[in-house]
Amino acid sequence: MFNCFGQQVSEINKVLGISDTLENEQEIRIYKDYSTTNQIDVFRIFKDSKNEWVVYKFWYSKNLKSVSKIDEIRFPKEIVGKLKPKDAELIWFNILMTNVEFLPNMETIRYKFGKPKINSDRGERGIFRTEKYVLDGVVHKVYVRNGKNTNNFSFDNPKTYLKYYPTVDELISYNELLSVLEKEFSF
């Protein structure tokens, strides 16, 4: 299920002590690889066997092949002081609303980038497409399971690409997914 992604995802999972397969009925993992640093951030949210939602954020060092930090969030069911509990199931539904169960790899939608033009090269006509490429940035590898539905895909620099191609549905969905995670978990 896990492919190469800069560092081997299964190698990272081994260090984190988690399985390569998504064993929980509802789970998402996102591996966020920064091209300019030696760090990969890993986000994981799942409903465990006790029917409780758990979130982990890991910071993995590519050089040391070790975890430098782990955050764990468990969702309280009752109001604590003046703090109202977050509704983890609602967050999960917001994640699913981004079409995460169906999104493809970014490579399969590149044909939507740029507008095709007919051009002549040395007297021969052909169709050419001019598209923008972002070389540095952040690559995301996503693995999700919702019951029997599973999916995995990767994408990079969605905010930048969305500026250039604002009508591409998949870019909108990638950005919506990241927006939910940023709002709820600062990821």
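The values are calculated or read from the model by the stated rules, or taken from the named source; none is laboratory data. Because the structure is predicted, anything quoted here is derived from the model rather than measured. Please note: Cβ atoms are built from the backbone with ideal geometry, for glycine as well, and neighbour counts cover all protein chains shown.
A few notes on this one:
- Among the candidates Lys117, Lys86, Lys57, residue that is over 28 Å from Glu23 (Cα atoms) and basic (Lys, Arg): Lys117
- For the range 7-22, the count of residues that are more than 15 Å from Val142 (Cβ to Cβ), assigned to a loop (DSSP other than H, G, I, E, B) and at pLDDT below 90 is zero.
- Meets criteria (under 15 Å from Ile30 (Cα atoms) and in contact with a helix residue (DSSP H, G or I) (Cβ under 7 Å, 6 or more places away or on another chain)) for Val100: yes
- Top-ranked residue of the range 177-187 - restricted to ones that are in a helix (DSSP H, G or I) and crowded, with 17+ Cβ neighbours inside 10 Å, ranked as modelled with the lowest pLDDT: Glu184
- Of the residues making up the range 71-86, not a single one is touching a strand residue (DSSP E or B) at 6+ places or on another chain (Cβ under 9 Å) and modelled with pLDDT of 95 or more.
- Residue check, Phe75 touching a helix residue (DSSP H, G or I) at 6+ places or on another chain (Cβ under 9 Å), of a type outside the set (Val, Ile, Thr), within 28 Å of Ser173 (Cβ to Cβ) and without any contact (Cβ under 8 Å) to a residue 40 or more places away in the chain: yes
- Against the criterion of being within 26 Å of Ile40 (Cα to Cα), in contact (Cβ under 8 Å) with a residue 40 or more places away in the chain and not β-branched (Val, Ile, Thr), Asn99 qualifies.
- Summed over the range 157-171, residues that are surrounded by fewer than 20 Cβ atoms within 10 Å (Cβ to Cβ) and touching a helix residue (DSSP H, G or I) at 6+ places or on another chain (Cβ under 7 Å) total 4.
- In the range 32-53, the residues that are among the acidic types (Asp, Glu) and over 14 Å from Glu89 (Cα atoms): Asp33, Asp41
- Within the range 41-60, the set of residues being surrounded by fewer than 16 Cβ atoms within 10 Å (Cβ to Cβ) and either among the polar types (S, T, N, Q) or not in a loop (DSSP other than H, G, I, E, B) (or both) comprises Ser49, Asn51, Trp59.
- Considering the range 23-39, the residues that are more than 16 Å from the chain's Cα centre (by Cα) and not acidic (Asp, Glu) include one that is modelled with the lowest pLDDT, namely Thr36.
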